[in-house]
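Chemist: Below: one structure in structure tokens.
Rule-based calculations on the coordinates, nothing more; no lab input. Please read all numbers here as calculations on a predicted model, not as lab measurements. Here the Cβ is made from the backbone with ideal geometry for all residues, glycine too, and neighbour counts use every protein chain on show.
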Amino acid sequence: MNQRQITPAQQLEESILDVFQQVLGTDAGVTITKNFFDLGSDSMLLAQVYNQLEKLFPSQITLTNMFAYPSIARLARFIAEQEGMILEAYPVPPDYMKNSVQTLQDNRYEFVIEKERLGEIKTLSEQADITPMEWLWSLFAYLLTEIGSRPQLHVFTLIYRMNHISSISLDVQNAGNFNELFAVAKQALRSVDEQPGYHIQDLIRSDMKSRHDAIRPLFCDADYFSGGRSTLEEQFDIICEMQQEKRKLLITMYCQPRLSTALWHTFFRTYDRMLDKVIENLRSAEARG
């Protein structure tokens, strides 16, 4: 007789389902895919569920996680991710990883995309079938591969859900021009729905250790996180933050003070100048037909 093969993910789902049925009752209609807030779960019942889950998975989930992953299937996948969490870092040349008194300078760089240039970016991003934020993300990721040691990297990305970070992989080796880059980036960015990502607090609890030979970059929209920028600065080596203001976009770029602030300032200025060059390049190509 063939026996059913149960995967670790299915075991997690069944364990969590048992807890919900114990608290809510077997007649509550709980399934692994239903949103448990649609089952009539109030805060007291949810706290009971959480207390039971904490016994099964000590220190692996919080009440915040239950709001972020409101179905058994999604919560189980999150727990599985936590158990094998891999926080990817991107190798860069050693010169970028170490500061010195001689090269020490401000570790922030700010510039503004004014109304006219922002309008150009919106038009070009529509042509690429991505959002302006995704357009800017693509160029930030691409520029990192220009200084790094390989054409594929993971960029931690906070532009879709409040306080929720995705690690998005981009491989630029087959992108021969900017239009091809945006096409590759579009496919990578659309994969965000296929992976649960991480809540900011989960990354903090994971105790991300700094690497001496690699960086963890973050690209974020300031409207999508709460609690202040300092929380992010403690966790990521390089940050590119977008903040929408009236008819303009403020971009703040940051690197850890332990890194070579001189080299990263050059990187930040290059990103600033590159936006104009890409706009000019794409407009010229469009004019040529």
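Chemist: If I fit a long axis through the Cα atoms of helix 132-147 and take the longest principal axis of the Cα atoms of the chain, what angle between them do I get, 0 to 90°, rounded to 10?
Modeler: Value to nearest ten degrees: 70.
Chemist: Here is a follow-up. For Ile165, list long-range residues whose amide hydrogen, built 1.01 Å from N in the peptide plane, is under 5 Å from its own amide hydrogen.
Modeler: Those lying under 5 Å, H to H, from Ile165 are Tyr198, His199, Ile200.
Chemist: Taking H placed 1.01 Å from N in the peptide plane, check which residues at least 5 places from Arg216 or on another chain put their amide H under 5 Å from its amide H.
Modeler: Result for Arg216 returns Tyr90, Asp237, Ile238.
Chemist: Along the charge dipole of the chain, Cβ charges K/R +1 and D/E -1, which of Gln187, Pro91, Thr64 sits furthest on the positive end?
Modeler: Pro91
Chemist: Taking N as the number of residues in the chain, what is its alpha-carbon radius of gyration divided by 2.2 N^0.38 Å? Can you show the working numbers first?
Modeler: Details: Rg = 21.9 Å, N = 289, 2.2 N^0.38 = 18.9 Å.
Computed over Cα atoms of the chain, the ratio equals 1.16.
Chemist: Answer rounded, prolate or oblate for segment 239-289, using the Cα gyration tensor with square roots of eigenvalues a ≥ b ≥ c: rounded when a/c is under 1.5, else prolate when a/b is larger than b/c, else oblate. Intermediate values should be presented prior to the final figure.
Modeler: Details: a/c = 4.58, a/b = 1.68, b/c = 2.72.
It is oblate, given that a/c is not under 1.5 and a/b is not larger than b/c.
Chemist: Going through the cross-link list Lys98/Lys246; Lys34/Lys122; Lys115/Lys277, which pairs have a Cα-Cα distance over 28 Å in this structure?
Modeler: Values: Lys98/Lys246 38 Å; Lys34/Lys122 37 Å; Lys115/Lys277 17 Å.
Cα-Cα > 28 Å for Lys98/Lys246; Lys34/Lys122; rest within.
Chemist: I'd like to know which of Pro151, Leu136, Val112 lies farthest towards the positive end of the charge dipole of segment 105-157, counting +1 on Cβ of Lys and Arg and -1 on Cβ of Asp and Glu.
Modeler: Pro151
Chemist: Could you state the angle between the C-alpha long axis of helix 178-190 and the longest principal axis of the C-alpha atoms of the chain, as a value from 0 to 90 degrees rounded to the nearest 10?
Modeler: Computed tilt is about 20 degrees.
Chemist: Sticking with this structure for a sec: In the chain, what % of DSSP beta bridges are antiparallel (nearest 5)?
Modeler: Numbers: 26 of 34 bridges.
DSSP beta bridges in the chain are roughly 75 percent antiparallel.
Chemist: Here's another thing I want to ask about it. If you wrap a convex hull around the Cα atoms of segment 142-289, how much volume per residue is inside, in Å³?
Modeler: Values: hull volume 19.9 nm³, N = 148.
Hull volume over Cα atoms, normalised by residue count, gives 135 Å³.
Chemist: Moving on. Could you tell me how many degrees, from 0 to 90 and to the nearest 10, lie between the Cα long axis of helix 8-24 and the main elongation axis, the longest principal axis, of the Cα atoms of the chain?
Modeler: 60
Chemist: So, one more: For the chain, with a Gaussian network of springs between Cα atoms less than 10 Å apart, report the residue from Gly197, Gly119, Gly176 with the top mean-square fluctuation.
Modeler: Result for the chain, Cα springs under 10 Å: Gly176 fluctuates most.
Chemist: Loop-only check: which trypsin sites (Lys or Arg not before Pro) in segment 207-256 are DSSP coil with at most 14 other Cβ within 10 angstrom? Walk me through the numbers on the way to the answer.
Modeler: On the way: sites: Lys209, Arg211, Arg229, Lys246, Arg247, Lys248; in loops: Lys209, Arg211, Lys246, Arg247.
Those satisfying the criteria are Lys209, Lys246, Arg247.
Chemist: Next up: Whole-Hz ³J(HN,Hα) for each residue in segment 155-165, computed from phi via Karplus 6.51 cos²θ - 1.76 cosθ + 1.60 with θ = phi - 60°, x for glycine and proline: what do you get?
Modeler: So the J values, rounded to whole Hz, are 10, 5, 9, 10, 9, 10, 9, 4, 6, 10, 10.
Chemist: In deg cm²/dmol and to the nearest 500, what is the mean residue ellipticity at 222 nm of the chain if only DSSP H runs of at least 4 residues count, each as -39500 (n - 2.57), divided by the residue total? Show your work: numbers first, answer last.
Modeler: Working: 10 runs with 132 residues, N = 289.
Calculated at 222 nm, the ellipticity per residue is -14500 deg cm²/dmol.
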